[in-house]
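Everything below concerns the one structure shown next.
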Ligand code: NAD
């Protein structure tokens, strides 16, 4: 990595093919020990506007073929793969997740770039039989896909690399120009990704401005993207509150919103409880619970509540909390004090409301022990809200009907999980749970990067997953040929 000017991760923004600074810079700190990792400029409104202008011009000038877009994305993947270990260390340094999880994130980002490159070559249209219309026997038509123009990609702190790739990869595959905007808590790996993209763009002779990244405050960026006519699509992953603001103000733009969740996982009595408990604990505690589709609520039939709770306790207490760079660490620090304080508040309010702490419950600054809570009822705060921390609230129900009602007892609808060996039960859950994905025999937190992914209700609109995002970032045009 060779970004100038001063230290390795004192980086700048890429606007119109040039790495630029601003008068205001902000330091990026390590969530675990609060050491400085690097710094980024804080973009002015004018710089964000300049980035959109540059992207607009580049989108009109670009003549990259599908094959060249594939080459661009593959070349970016190669660079990322070559620097994988360094990038994983950067993800851990700025975001705080254990290094083993960061290695998985980087590997997924490499695959997501390659999937995007492949998809660039698969933008097939459709032959439309115009002779199906009376009187048009000699007419023909087909459809073709065209890029939208400028795609704005706004990402949150929790998967700072792969979530940016999930937007930028498909947007470029479809032939668009992009303006990336990572979270200011975790911008460094995204800026580094744009360094690779910039180098790969030069190899295929892409115009300056095809890829831009601005490190801006959320309060600056939203309104610039919303008021600039050239922004044809906003792809946002983050909180429901910001997502709703964008939805209310986005006018005729294409919008993808990947928002919050309060995902249920049902563990039924016909499953291997130990296996289910191991996965539930993993699904609730990965990235210290800061995962949009993490297991937020565990729903069990009351006659096996004790057995499930004991299995959860066994797995939760086997996890090691600590330094994300230690090989033994399973659960590391939450991203900042605000996030940690919110988890403590929800935990204490749930205990005050009558829940029992089965294990954990201790915290020290941003470190929070995996905590199993039993006797949780649907109105308690840890059941009602997205916690985004390593809490495992167990809710007991009388029958499967009630389990499904409880699973749907939320404004969110991102993903859900069900452990069962019974086909009818699985089918019923798939049909009746109001969420963008229902995972049988695994947890809500399952995501493969090529699958369609996106929530219902307050969890968002539109789908990610490469093929689906490419469709979303394209428009379909009908070309008709009629007898002359
Ligand atoms: P956030 O909404 O605070 O920030 C997300 C991004 O939006 C950041 O880059 C931020 O700077 C920017 N932003 C803030 N205000 C803005 C505005 N007015 N206009 C435009 N952009 C603005 O979210 P966060 O705390 O970084 O992330 C956590 C949330 O993200 C959780 O709710 C989580 O569930 C959700 N999330 C969802 C998914 C998914 O795929 N559904 C994935 C990861 C995270």
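Some points to look at:
- Evaluated at q = 0.15, 0.18, 0.19 Å⁻¹, the base-10 log of the normalised Debye intensity for the range 42-192, with identical point scatterers placed on the Cα atoms, takes the values -0.82, -1.06, -1.14.
- Pairs of C-alpha atoms in the range 120-259 farther apart than 23 Å represent 42 percent of all such pairs.
- A Förster distance of 41 Å, applied to the separation of the beta-carbon atoms of residue 318 and residue 450, puts the FRET efficiency at 0.80.
- Estimated FRET transfer efficiency (residue 25, residue 144; beta-carbon r; R0 35 Å; 0.05): 0.20
- Between 0 and 90 degrees, the angle of helix 99-120 with respect to the longest Cα principal axis of the chain falls at about 40 degrees.
- Under 15 Å from the residue 274 label point (7 Å along Cα→beta-carbon), backbone N, the range 284-310: 307-310
- On Cα atoms only, tilt of 218-227 relative to the major axis of the chain in degrees: 40 degrees
- Only Cα sites of the range 293-341 enter the Debye sum here, all with the same form factor; the resulting log10 I(q)/I(0) across q = 0.16, 0.24, 0.25 1/Å is -0.68, -0.99, -1.00, listed in q order.
- Extent along principal axes [Cα atoms of the chain; Å; largest to smallest]: 75, 68, 38
- Packing-based exposure ordering (other Cβ within 10 Å, fewest first) of 300, 37, 104: 104, 37, 300
- Of the Cα atoms belonging to the range 361-436, the radius of gyration and Dmax stand at 14.3, 46 Å.
- Percent of beta bridges antiparallel (DSSP, the chain, rounded to nearest 5): 45 percent
- Counting DSSP beta bridges with both ends in the range 288-421, the antiparallel % (nearest 5): 40 percent
- Computed from Cα atoms, the angle from the helix 423-432 axis to the main principal axis of the chain rounds to 60 degrees.
- Order of 181, 342, 477 - criterion: other Cβ atoms within 10 Å of each residue's Cβ, fewest first: 477, 342, 181
- Each principal axis of the Cα cloud of the range 228-324 was taken in turn, and the coordinate range along them, longest first, works out to 57, 35, 18 Å.
- Estimated purely from DSSP H runs of n ≥ 4, each contributing -39500 (n - 2.57), the mean residue ellipticity at 222 nm for the chain is -12000 deg cm²/dmol once divided by its residues.
- Cα gyration tensor shape for the range 48-123, rounded if a/c is under 1.5, else prolate or oblate: oblate
- Residues of the range 195-219 with amide N under 17 Å of a point placed 7 Å along Cα→Cβ from residue 74: 197, 200-206
- Rg ratio for the range 2-66: its Cα radius of gyration over 2.2 N^0.38 Å, N being its residue count, equals 1.41.
- Here 93, 62 are placed in order of increasing Cβ neighbour count within 10 Å, fewest first, which gives 62, 93.
- When Rg and Dmax are taken over the Cα atoms of the range 265-310, they come to 10.7, 31 Å.
- Kirkwood-based Rg to Rh ratio, the range 326-468, C-alpha trace: 0.99
- FRET E, pair residue 18, residue 398, Förster distance 51 Å, beta-carbon r, rounded to 0.05: 0.20
- Sorted from longest to shortest, the spans of the Cα atoms of the range 135-184 along the three principal axes equal 59, 16, 15 Å.
- Ranked by how many other beta carbons lie within 10 Å on average, peptides 189-196, 292-299, 332-339 from highest: 292-299, 189-196, 332-339
- Between residue 482 and residue 408, the contour length at 0.36 nm per residue exceeds the alpha carbon distance by 21.5 nm.
- Taking a ≥ b ≥ c as the square roots of the eigenvalues of the alpha-carbon gyration tensor, the range 169-245 is classed prolate because a/c is 1.5 or more and a/b outweighs b/c.
Here, each number is a calculation from the coordinates, and none is a lab measurement. The model shown is predicted, which means the values in this text are computed figures rather than measured ones. Neighbour counts are summed over all protein chains in view; Cβ atoms, including those assigned to glycine, are modelled from backbone coordinates with ideal geometry.
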